[in-house]
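The values are calculated or read from the model by the stated rules, or taken from the named source; none is laboratory data. Note that the structure is a prediction, hence the values are computed from the model and not measured. Every residue, glycine among them, receives a Cβ derived from its backbone with ideal geometry; neighbour counts consider all protein chains shown.
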């Protein structure tokens, strides 16, 4: 991997991580087409730059994570709901780690879930428009836990953590904006835990990095941070105005593209 490839992957990570389109599917295509998917450092890089994406959420919503008023009842309730929503992924992810890794090795699973998820989002978008007035902004502890259960579906590669948690919020009668923002908040502990675990696992397996690669990791995280922050701000506005339909069509296209590439004999590898 060179610096240009590192920046390209970081941009893709920043754009796709918090959108309901599956960052995994995009990393498969990008790293495979660049011919770097099987490189050990690529696997470390694509996992490690998620830290930059995570920090973008904390920065954009810093008034929610660390309000100026300090510790109060509202802040405690905020963290309590995030923790409750995170617990299902923490438990299921630990118990099914090997099974998830086996699924992750199957590119066609990713393609199918991208395609099927796109179809589902198209139907969901119609339902949202028909029942828009019934959506609320109130996140209770019970709703948070159920959204956390939905997030676990994203352990199937290609589903998209963002898509699963947003759909969970909508199922709990939350409006699109509230569902999307809670998905961002929930990403912080979920992605931090998963990214930390995978990064430590890579280094325990003996993967080492040289000085040049350390700079790539630094640059990659900075790029992922900036791009993710821009993507999040744009996503909220787009979602409020246009809904989920465009993301449904996009997922279908990416799913079909992966299937076509595999059919033409292009060896797609999943990084991370």
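Screening residue 83 against (1) within 22 Å of residue 53 (Cβ to Cβ); (2) at pLDDT 95 or above; (3) under 17 Å from the mean Cα position of the chain (by Cα) leaves a single unmet condition, (3). Restricting 212, 221 to those that are modelled with pLDDT of 90 or more and surrounded by 17 or more Cβ atoms within 10 Å (Cβ to Cβ) reduces the list to 221.
Each row is one residue, and each column tells you yes or no for (1) in contact with a strand residue (DSSP E or B) (Cβ under 6 Å, 6 or more places away or on another chain); (2) modelled with pLDDT of 90 or more; (3) closer than 24 Å to residue 9 by Cβ; (4) surrounded by 21 or more Cβ atoms within 10 Å (Cβ to Cβ).
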site: 40; (1), (2), (3), (4): no, no, yes, no
site: 52; (1), (2), (3), (4): no, yes, yes, yes
site: 55; (1), (2), (3), (4): no, yes, yes, no
site: 61; (1), (2), (3), (4): no, yes, no, no
site: 68; (1), (2), (3), (4): no, no, no, no
site: 90; (1), (2), (3), (4): no, yes, no, no
site: 96; (1), (2), (3), (4): no, no, no, no
site: 106; (1), (2), (3), (4): no, no, yes, no
site: 109; (1), (2), (3), (4): no, no, yes, no
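Criterion applied to 202, 182, 145 was being in contact with a helix residue (DSSP H, G or I) (Cβ under 9 Å, 6 or more places away or on another chain), modelled with pLDDT under 90 and in a helix (DSSP H, G or I), and the one residue passing it is 202.
Restricting 236, 226 to those that are surrounded by 14 or more Cβ atoms within 10 Å (Cβ to Cβ) and under 27 Å from residue 125 (Cα atoms) reduces the list to 236. Reported count of residues in the range 29-38, each being surrounded by 21 or more Cβ atoms within 10 Å (Cβ to Cβ) and over 20 Å from residue 207 (Cβ atoms), is 0.
Checking the structure you have, find out if any residue of the range 123-140 is touching a helix residue (DSSP H, G or I) at 6+ places or on another chain (Cβ under 8 Å), surrounded by fewer than 23 Cβ atoms within 10 Å (Cβ to Cβ), at pLDDT 90 or above and assigned to a helix (DSSP H, G or I). Within the range 123-140, none of the residues are touching a helix residue (DSSP H, G or I) at 6+ places or on another chain (Cβ under 8 Å), surrounded by fewer than 23 Cβ atoms within 10 Å (Cβ to Cβ), at pLDDT 90 or above and assigned to a helix (DSSP H, G or I). Restricting attention to the range 7-18 and to residues that are touching a residue at least 60 places away in the same chain (Cβ under 8 Å) and surrounded by fewer than 24 Cβ atoms within 10 Å (Cβ to Cβ), the residue that is farthest from residue 257 (Cα to Cα) turns out to be 7.
Would you be able to say whether some residue in the range 254-264 is touching a helix residue (DSSP H, G or I) at 6+ places or on another chain (Cβ under 7 Å), surrounded by 14 or more Cβ atoms within 10 Å (Cβ to Cβ) and either part of a loop (DSSP other than H, G, I, E, B) or at pLDDT 95 or above (or both)? No, the range 254-264 contains no residue that is touching a helix residue (DSSP H, G or I) at 6+ places or on another chain (Cβ under 7 Å), surrounded by 14 or more Cβ atoms within 10 Å (Cβ to Cβ) and either part of a loop (DSSP other than H, G, I, E, B) or at pLDDT 95 or above (or both). Listed by position, the helices (runs of 4 or more DSSP H) contained in the range 1-79 that have at least 2 residues being farther than 23 Å from residue 157 by Cα and within 20 Å of the chain's Cα centre (by Cα) are 50-60, 62-65.
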